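The values are calculated or read from the model by the stated rules, or taken from the named source; none is laboratory data. Model, not experiment: these values are computed from the prediction. Note that each Cβ is placed from the backbone with ideal geometry, even for glycine, and that neighbours are counted across all protein chains shown. For accessibility, only protein heavy atoms count, side chains too; no ligands or nucleic acids. Shrake-Rupley method; radii C 1.70, N 1.55, O 1.52, S 1.80 Å.
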Amino acid sequence: MSNVFYMPPVTLMGPNAIQSLGAELASKELKKALIVTDSVLVEVGLVSKLTDELTAHNLEYVIYDGVQPNPTEKNIEDGLELLANSNADFVISFGGGSSHDTAKGIALVAANGGHIRDYSKGVHLSKKPQLPLVTVNTTAGTASEMTVFAIITNQEDETKYPVVDKHFTPIIAVNDSELMVAMPKFLTATTGMDALTHAVEAYVSTAATPITDASAIKAIELIVNNLEAVVNNGQDRAARDAMQYGEYLAGMAFSNASLGYVHSMAHQLGGVYDLSHGLCNAILLAEVSRFNAKQVPERFVDIAKAMGIDTAAMTQEQAVNAALEAIDALSEKVGTKQRLTDLGVTEDKLAFMAQNALNDACSLTNPRQASLEEIVNIFKARM
């Protein structure tokens with residue numbers, strides 16, 4: 001069976017990488033950008049790093065700053081309206097996954113028509129390339145700046161669904177670790193645990209390949225060795241830089257191997273309770289991994305080794321348990337080991353969320369298929 005590997009043709013990485021963006025754009029005959037971001041990044045002045053670079057290269061722009069933490073269909077519709085009224089000919093996302101996912105939805109629908117929901121009924125459904133998209137990343141977690149995924153919330157029915165489309169791939173991605181230095185401690189932690197989840201789920205995915213395996217294992221090494229340090233000291237440039245490479249490698253892995261039940265379940269928690277996606281992943285990761293390890297224990301032995309655990313004298317079961325314990329231990333160290341009940345989750349919604357999780361596209365590549373009751377029980381184990 002043949003495999004396809006998607007990633008941006010150009011990625012600018014490292015400290016002050018954004019200062020190379022203008023020259024890249026100038027060569028592409030683009031004229032006016034719709035910048036998709038949130039109001040906080042505008043208010044704190046971080047977006048000026050981008051607008052100054054555009055101005056220096058004679059590129060016009062208009063800003064849509066209405067992105068919500070769990071981006072909605074309305075965010076995309078509002079952005080499309082501003083795009084049409086401004087005559088922008090390309091889109092730049094600035095921020096984390098919420099900004100990138102919103103921008104992807106805007107760019108895809110602008111070129112293909114319809115509603116973003118139309119593209120969630122399968123994979124790679126769009127017929128035409130989206131409007132040119134550039135992604136400027138400010139967090140080390142979602143990897144949405146380079147993946148074929150976008151996660152959108154339908155507020156009407158409390159669901160959160162993935163859209164998977166090859167045309168989401170941006171023409172340029174920017175990972176400038178200097179833009180990440182000011183990230184708050186808890187955001188650093190939740191996005192970092194999100195990245196770890198991407199790597200773990202991609203490594204145990206039924207669609208994994210040698211390329212995604214290599215990306216996932218290296219991502220796990222980088223994240224485990226640097227996340228706690230950067231949570232404790234946001235000014236640690238070396239750890240910030242390592243985390244951006246870790247989250248990008250995790251993105252390379254899951255964009256091409258897909259994900260599993262951690263994400264399927266976290267999507268539902270976000271849709272119903274509007275909770276932080278990274279936090280939900282952190283809470284669920286070890287428990288879903290415990291369920292999956294019964295099917296692919298050898299994969300979790302590899303994960304244990306990538307986390308720095310000496311498994312030489314361990315049985316397979318001991319190594320698997322050590323990996324699960326290490327995941328929870330890291331989550332506790334960075335402040336994301338919480339209970340769902342503490343976040344307002346109630347048992348009356350569990351069956352609804354479990355059914356929607358099983359219908360989520362990410363569930364297709366989970367290594368062990370679950371019943372509705374088993375998904376409910378995983379939720380309950382973290383209540």
- Task: Kyte-Doolittle cut-off 0.5, length cut-off 27 Å along the helix's own axis using Cα: show which whole DSSP H helices in the chain pass.
- Result: 210-232
- Task: Assuming R0 = 35 Å, can you tell me the calculated FRET efficiency for the pair M383 and T209, based on Cβ-Cβ distance, to the nearest 0.05?
- Result: 0.45
- Relative intensity, log₁₀ I(q)/I(0), of segment 10-179 from a Debye sum that treats every alpha carbon as a point, q = 0.08, 0.17 Å⁻¹: -0.20, -0.96
- Message: Below 19 Å, Cα to Cα, which lysines can K218 reach? Residues fewer than 8 away in the same chain don't count.
- Response: K305
- Size of charge dipole - the chain - debye, nearest 20, with Cβ of Lys, Arg +1 and Asp, Glu -1, no other charges: 560 debye
- Task: Among DSSP beta bridges lying fully in segment 10-179, give the percent that are antiparallel, nearest 5.
- Result: 25 percent
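Expected output is a single nm value to one decimal: the length gained when fully extending between R339 and N16, i.e. 0.36 nm times separation in residues minus the C-alpha distance. What is it? Mind dumping the intermediate values first?
Numbers: separation 323, 0.36 × 323 = 116.28 nm, distance 3.82 nm.
Roughly 112.5 nm would be gained on extension.
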- Message: Could you tell me how far the Cα centroid of segment 321-383 sits from the Cα centroid of segment 147-204, in Å?
- Response: 18 Å
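Efficiency by 1/(1 + (r/R0)^6): what FRET value for F186 and F352, r their Cβ-Cβ distance, R0 = 22 Å, to the nearest 0.05?
Values: r = 28 Å, r/R0 = 1.27.
The pair F186/F352 has a calculated efficiency of 0.20.
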- Query: So what are the radius of gyration and Dmax for the Cα set of the chain, in Å?
  - Reply: 19.7, 65
- Query: Over what distance in Å are the Cα centres of segment 1-29 and segment 105-144 separated?
  - Reply: 17 Å
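Under the rule of -39500 (n - 2.57) per DSSP H run of 4 or more residues, summed and divided by the residues of the chain, what mean residue ellipticity at 222 nm is obtained, to the nearest 500 deg cm²/dmol?
-16000 deg cm²/dmol
For D89 and D52, what does the FRET efficiency come to when R0 = 30 Å and r is the distance between their Cβ atoms, rounded to the nearest 0.05? Kindly include the intermediate steps, with their values, before the conclusion.
On the way: r = 20 Å, r/R0 = 0.68.
Calculated transfer efficiency: 0.90.
Taking all protein chains in place and a 1.4 Å probe, what share, in percent, of the accessible surface of segment 158-231 do carbon and sulfur account for? It would help to have the intermediate numbers written out before the result.
Numbers: 1220 of 2030 Å².
Here carbon and sulfur together make up 60 percent of the probe-accessible area.
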- Task: Using only the alpha-carbon atoms of segment 189-381, report the extent along each of the three principal axes, biggest first, to the nearest angstrom.
- Result: 44, 36, 31
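Take each of the peptides 184-191, 364-371, 9-16, average the number of other beta-carbon atoms within 10 Å over its residues, and list them starting from the highest. Don't skip to the answer; put the middle values down first.
On the way: 184-191: 20.4, 364-371: 17.1, 9-16: 14.4.
Descending mean neighbour count gives 184-191, 364-371, 9-16.
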- Estimated inter-spin distance, Q369 and Q316, nm [label 7 Å along Cα→Cβ]: 2.3 nm
- Largest first and to the nearest Å, give the Cα extent of segment 160-279 along each principal axis. 36, 36, 28
- Task: Starting from the amide H of Y61, placed 1.01 Å from N in the peptide plane, find each other amide H under 5 Å away whose residue is 5 or more places distant or on another chain.
- Result: A33
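Would you mind working out the accessible area per residue for the chain, using a 1.4 Å probe, and quoting it in Å²?
On the way: 14660 Å² over 383 residues.
Spelled out: the 1.4 Å probe surface of the chain, per residue, equals 38 Å².
Cα-Cα over 21 Å: which of K185/K333; K49/K74; K74/K104; K31/K104; K28/K104; K160/K333? Write out the running numbers ahead of the final one.
Working: K185/K333 12 Å; K49/K74 27 Å; K74/K104 14 Å; K31/K104 19 Å; K28/K104 19 Å; K160/K333 29 Å.
Cα-Cα > 21 Å for K49/K74; K160/K333; rest within.
Based on the mean of other Cβ atoms within 10 Å per residue, sort peptides 57-69, 197-209 so the most packed one is first. Could you put the intermediate results ahead of the total?
Numbers: 57-69: 17.2, 197-209: 26.1.
Answer by packing, highest mean first, reads 197-209, 57-69.
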- Note on the structure: Cα pairs beyond 20 Å in segment 280-365, in percent, come to 45 percent
- Message: I want to check the label-to-label distance for K74 and K31. Put each point 7 Å from Cα in the C-beta direction and report it in nm to one decimal.
- Response: 3.3 nm
